[in-house]
């Protein structure tokens, strides 16, 4: 088509075709790129959802609505950097949210809390393993510590000791999430008290985050795809216009004995002129010249 066109014209149209082809390929990458954009911009919102659901769960279970428990978990959550409370994954068009793995990594596990209980019991027994009796320890916990938690400091001191002995920030969170009792392989022994139903706050938060992430991602993808499609459409129109000019010029090339402007068109919001030289060469330029002379418009 352009065997009679100038070198610059061939290069320009080639560049336009490459841009169009690159944009077509870029469409396939949009979901992945927009997922990362959505995740980064929405992280503060997702963290607030987790924090809200955690506070709601604590309010539902009175055993954990004490400063010793509540402050340990909430304050630890607020101290974390953005993105450490959850992990967002995407496969195809499906988004999943993982919270429990992040909580285990940051706040500890139920096994850690069990070890903290054992450590506290051992401390109260003055390090004498012969006196260590899980059932007696459970009764002591219930009758002496828990039942007098409002009028002595022994309760808060015991919880603080358990957390210290666990080596973690808030390893009791699975009890708030899944309820009490739960089987623990560490086998601390004794009878859990008090018992409570699970709140499933991590599951509730994960569902809310997933739903919000999917809606936000769909909106971002639609907007970005439309923007790219608009660019592709405009490039194809420009290339089509150049083709039509070239066809017209080729058919009438013998009539052009003097250089002249054939048409005006816009390329990337810049005005260009299609022109023919006196020797029958097709050109595209912002300021068309032939043999040093600017062509009349």
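Read-outs: derived from the displayed coordinates by stated rules, not from any lab. Fair warning: this is a prediction, and the values are worked out from it, not measured in the lab. Cβ placement follows ideal geometry from the backbone for every residue including glycine, while neighbour counts extend to all protein chains displayed.
A Förster radius of 51 Å combined with the Cβ-Cβ distance from residue 254 to residue 33 puts the calculated FRET efficiency at roughly 0.50. A full extension of the chain between residue 269 and residue 75 corresponds to an added length of 64.5 nm, given 0.36 nm per residue minus the alpha carbon distance. Taking every DSSP helix (H) stretch of at least 4 residues in the chain, weighting each as -39,500 (n - 2.57) and dividing the sum by the residue count yields a mean residue ellipticity at 222 nm of -19000 deg cm²/dmol.
I want to verify a result. In a Gaussian network model of the chain, Cα cutoff 10 Å, which of these has the top mean-square fluctuation: 80, 175, 217? Top of the fluctuation ranking is 80. What distance in nm lies between label points placed 7 Å from Cα along the C-beta direction at residue 261 and residue 123? According to this spin-label approximation, the distance is 8.8 nm.
For the chain, set up a Gaussian network in which alpha carbons nearer than 10 Å are linked by springs, and say which option among 164, 103, 273 fluctuates the most. Evaluated over the chain, the most mobile residue of the options is 273. Computed from the alpha carbon positions, the gyration tensor of segment 1-62 leads to an equivalent ellipsoid with semi-axes of 56, 8, 4 Å, biggest first. For residue 133 and residue 156, the difference between the fully extended length at 0.36 nm per residue and the C-alpha to C-alpha distance is 6.1 nm.
When percent of Cα pairs over 26 Å apart is computed from the coordinates, the matching label among (1) 63; (2) 45; (3) 57 is (1).
Shown here are the Rg and Dmax of the Cα trace of segment 1-136, at 28.4, 102 Å. Between residue 149 and residue 243, the modelled labels are 7.6 nm apart [label points 7 Å from Cα along Cα→Cβ]. Once the C-beta distance of residue 65 and residue 214 is scaled by a Förster radius of 25 Å, the resulting FRET efficiency is 0.15 to the nearest 0.05. Using a Gaussian network model of the chain in which every pair of alpha carbons under 10 angstrom is joined by a spring, one finds that among 258, 222, 125 the greatest mean-square fluctuation is at 258. Entry note, the chain: relative contact order of 23 percent, from Cα contacts under 8 Å with a spacing of 6+ residues.
Listed peptides 191-197, 167-173 appear in the order 167-173, 191-197 once ranked by packing, highest mean of other Cβ atoms within 10 Å at the front.
Once the C-beta distance of residue 226 and residue 96 is scaled by a Förster radius of 25 Å, the resulting FRET efficiency is 0.40 to the nearest 0.05.
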